[in-house]
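Since the structure comes first, as structure tokens, the remarks are kept for the end.
The values are calculated or read from the model by the stated rules, or taken from the named source; none is laboratory data. Keep in mind that this is a model prediction, so the values were computed, not measured. Every residue, glycine among them, receives a Cβ derived from its backbone with ideal geometry; neighbour counts consider all protein chains shown.
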Amino acid sequence: IKSKVLTHDIDQQKAYDADPLISKSINGALLVDLLKAGERIVEDAAAIDIPVIVLSAEKDYVVKNSVQKKFFVTIASKLKTFITLRNFYHGILFETNRQKVYHYLRNFIDKAYARQSPELTLEPDDFSVKEYEQLYHKLLPAGEKLNYAVQKWALGKIGSLSKGMNLGLQFGFDSGISLDYVYRNESQGKNRFGRILDRGYLEAIGWKGIRIRKQHLLQLLEENIAKVKAAGKTVKILDIAGGTGNYLFDIKAKYPEAEIVINEFLLSNIEVGERIIRRNGLQGIRFTNYDCFDPATYSKLEFEPNIVIISGIFELFGDNEMASRAVKGAISICESSSHLVYTGQPWHPQLKMIAYVLNSHQKKDWVMRRRSQKELDRLMAYNGVVKERMLIDDFGIFTVSSGTVNG
């Protein structure tokens, strides 16, 4: 990008040209990633409801003003301003009339800080509800419907050749048994074609993200374990809907003194986990079979955790009232100054395919209402969780967050 299309200011042009830290070219892969990120931000702009000011250069030869306007119109912010800067080039903060920009920014920031902080509620994001309703009622063009119908038919016909697909068809693609297989990431099938099919299945972007989510989950768990041990306490972990217990067996192997309770609703998942416990002769780790959304569940556990895990379950249930009951119930039995680790799915590139092709453990279409990260964090804050840290995969699909409770 040449300096003469960035600013009218001759001194700023010379400074740009002479700066050794400014690269005049860009890596192709980085450019593609930037383009994808920009497209996603515009497509998902309805998730943004914080104050936003867009300063658009009238003579911008680097980016399109029309895209900026599309973004502005789509965002859900109650306080938002769009200003076209007449005769400005792309580098608005380096232009000859940049004092105008500072004036606009100062006024907008004053307005933003003058607002009252929004009250914490369990209301879902409107854009997310509308998106879910469109998925649920299958409001899509006939061509897309046919495409997904063919994919579902093909899955039913040849999916059994792939071990991963076959497990999904049997137990649900969102089941603990299915996720265990995805975590192992070792393609298997009834024949060579089945193994090729299975490798393609395991390399789906969503499953890649799930495997990264496990790494992030273990990372934050270990950070919290270190904090609990530093406080001189016994590590006591509760997973409110732990599936087969997968990553918790990794934790148990590394921290054998840790006490672990894995609550799980599906007996098929519990059977898998309990076989592992018996096979390895493990002590201080057990399964319970209760509904994590029932507040009465937690007193039945007879356990006082200092680390609670809520992983994968809220992504499957879009009702915030239900989710809140689970959070409140889990926190009610925690020790003081405990930790809560929770996962989120603020975005997924394959929501339609998942809804119309894959079945869930509930023996029905796997239709998800994705929560934005701010909605998920708001739900946690509503129940007294103080968020401290978050990790996210490079795809932007899955998050793992950590916070404190009963501080």
Breaking point among (1) surrounded by 14 or more Cβ atoms within 10 Å (Cβ to Cβ); (2) in the same structural domain as Phe317 (by TED's automatic domain parsing), for Gly232: (1)
If only one of Tyr255, Tyr290, Tyr298 is hydroxyl-bearing (Ser, Thr, Tyr), touching a Lys or Arg at 6+ places or on another chain (Cβ under 7 Å) and either on the phi > 0 side of the Ramachandran plot or in the same structural domain as Gly384 (by TED's automatic domain parsing) (or both), which one is it? Tyr290
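Taking the stated definitions as given, is Leu161 closer than 20 Å to Met368 by Cα, surrounded by 13 or more Cβ atoms within 10 Å (Cβ to Cβ) and touching a Lys or Arg at 6+ places or on another chain (Cβ under 9 Å)?
It is false that Leu161 is closer than 20 Å to Met368 by Cα, surrounded by 13 or more Cβ atoms within 10 Å (Cβ to Cβ) and touching a Lys or Arg at 6+ places or on another chain (Cβ under 9 Å).
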Residues located in the stretch 188-213, provided they are touching a residue at least 24 places away in the same chain (Cβ under 8 Å) and in a loop (DSSP other than H, G, I, E, B): Gln188, Lys190, Asn191, Ala204
What number of residues in the stretch 70-119 are closer than 30 Å to Asp377 by Cα, of a type outside the set (Phe, Trp, Tyr) and touching a strand residue (DSSP E or B) at 6+ places or on another chain (Cβ under 6 Å)? 4
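Taking the stretch 38-50 only, how many residues are in a helix (DSSP H, G or I) and surrounded by 13 or more Cβ atoms within 10 Å (Cβ to Cβ)?
Residues flagged as in a helix (DSSP H, G or I) and surrounded by 13 or more Cβ atoms within 10 Å (Cβ to Cβ) within the stretch 38-50 amount to 8.
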Which residue is nearest to Lys163 (Cα to Cα), if the candidates are limited to the stretch 186-218 and must be β-branched (Val, Ile, Thr) and exposed (fewer than 15 other Cβ atoms within 10 Å of the Cβ)? Ile196
Selection over the stretch 165-180 where residues are farther than 9 Å from Asn359 by Cα and under 23 Å from the mean Cα position of the chain (by Cα) yields a count of 6
Take the stretch 311-343 and flag every residue that is over 13 Å from Asn406 (Cα atoms), in contact with a Leu (Cβ under 8 Å, 6 or more places away or on another chain) and in a helix (DSSP H, G or I). Phe314, Asn320, Glu321, Ala323, Ser324
Kindly indicate whether Phe82 is in contact with a Phe, Trp or Tyr (Cβ under 6 Å, 6 or more places away or on another chain) and not in a strand (DSSP E or B). no
Would you mind finding the one in Ile307, Ile313 that is in contact (Cβ under 8 Å) with a residue 24 or more places away in the chain and either surrounded by fewer than 20 Cβ atoms within 10 Å (Cβ to Cβ) or in contact with a His (Cβ under 9 Å, 6 or more places away or on another chain) (or both)? Ile307
Condition test on Tyr132, is it out of contact with any helix residue (DSSP H, G or I) (no Cβ under 6 Å at 6 or more places or on another chain), of a type in the set (Phe, Trp, Tyr), loosely packed, with under 13 Cβ neighbours inside 10 Å and assigned to a helix (DSSP H, G or I)? no
Answer yes or no: is there a residue in the stretch 206-226 that is over 22 Å from the mean Cα position of the chain (by Cα) and either in the same structural domain as Ala323 (by TED's automatic domain parsing) or among the basic types (Lys, Arg) (or both). yes
Filtering the stretch 1-37 down to residues that are assigned to a loop (DSSP other than H, G, I, E, B) and of a type in the set (A, V, I, L, M), which residue is surrounded by the most Cβ atoms within 10 Å (Cβ to Cβ)? Leu6
The stretch 382-391, subset in contact (Cβ under 8 Å) with a residue 60 or more places away in the chain and within 30 Å of Glu39 (Cα to Cα), residue surrounded by the most Cβ atoms within 10 Å (Cβ to Cβ): Leu391
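Looking at the stretch 350-407 only, could you name the residues that are aromatic (Phe, Trp, Tyr), part of a helix (DSSP H, G or I) and within 20 Å of Gln170 (Cβ to Cβ)?
Tyr356
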I'd like to check something: does the stretch 12-35 contain any residue that is of a type in the set (Val, Ile, Thr), in contact with a Lys or Arg (Cβ under 7 Å, 6 or more places away or on another chain) and under 20 Å from Val63 (Cα atoms)? no
Contacts under 8 angstrom Cβ, first residue in the stretch 153-166 being more than 13 Å from Leu202 (Cβ to Cβ), partner β-branched (Val, Ile, Thr) and assigned to a helix (DSSP H, G or I), 6 or more apart: Leu155/Val357
So Ser77 clears everything in (1) in a loop (DSSP other than H, G, I, E, B); (2) in contact (Cβ under 8 Å) with a residue 60 or more places away in the chain; (3) not hydrophobic (A, V, I, L, M, F, W, C) except one condition, right? Which one? (2)
